[in-house]
Amino acid sequence: MTNQPGGAKGLAYYAHCQWTYGSAVEQKDVRLIEGLGYAVYNPNSPDDEAQWKAKGMDYFNELLKKYKFDVCFIRPESNGTISAGVGYEAMACFEAGVPVLEIPCPVLPRLLTPEATRELYRWHGYRKLADEDDR
């Protein structure tokens, strides 16, 4: 894992929960991102931890300005939710014009039932599709 620019496609920020630091999930994600051609800024280092404890999320804002990341990869929780810290980092990147990509969880069921699909259509305003039966 490298925290220096130099990947063929640029530098990626890897936003993930602290409980995943040092885990097999973190190792797989970093290999995936590097395999896509990016150098990875992984905030799992003693220096990053010390800075975060001293400055809170302002430290991430400093990183965003300093490194001008080319992309941000986020790791959601296994149930699909996004923790507050990862969400903050993702929104800050998005607002700075940095593309944000989610690394999907392979154990998360994403297939909707017909009723859940209709409810999603209603929420999006697709009334015609939401009111059709299951033909």
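Of note:
- Computed helical MRE - 222 nm, the chain, DSSP H runs ≥ 4 contributing -39500 (n - 2.57), nearest 500: -13000 deg cm²/dmol
- For the chain, Cys with no neighbouring Cys Cβ under 4.7 Å: CYS17, CYS105
- For region 1-115, size of Cβ-based charge dipole, Lys and Arg +1, Asp and Glu -1, in debye: 200
- Here is the P(r) of the chain: all C-alpha pair distances, binned every 5 Å from 0, give 2, 9, 17, 19, 17, 11, 7, 7, 6, 3, 1, 0 in whole percents.
- Per-q log10 I(q)/I(0), region 55-102, q = 0.13, 0.16, 0.27 Å⁻¹ (Debye; single scatterer per alpha-carbon; no solvent): -0.28, -0.42, -1.04
No lab work stands behind these numbers, since they all come straight from the coordinates. Since this is a predicted model, take the numbers as computed values, not measurements. All Cβ positions, glycine included, derive from the backbone under ideal geometry; neighbour counts span all protein chains shown.
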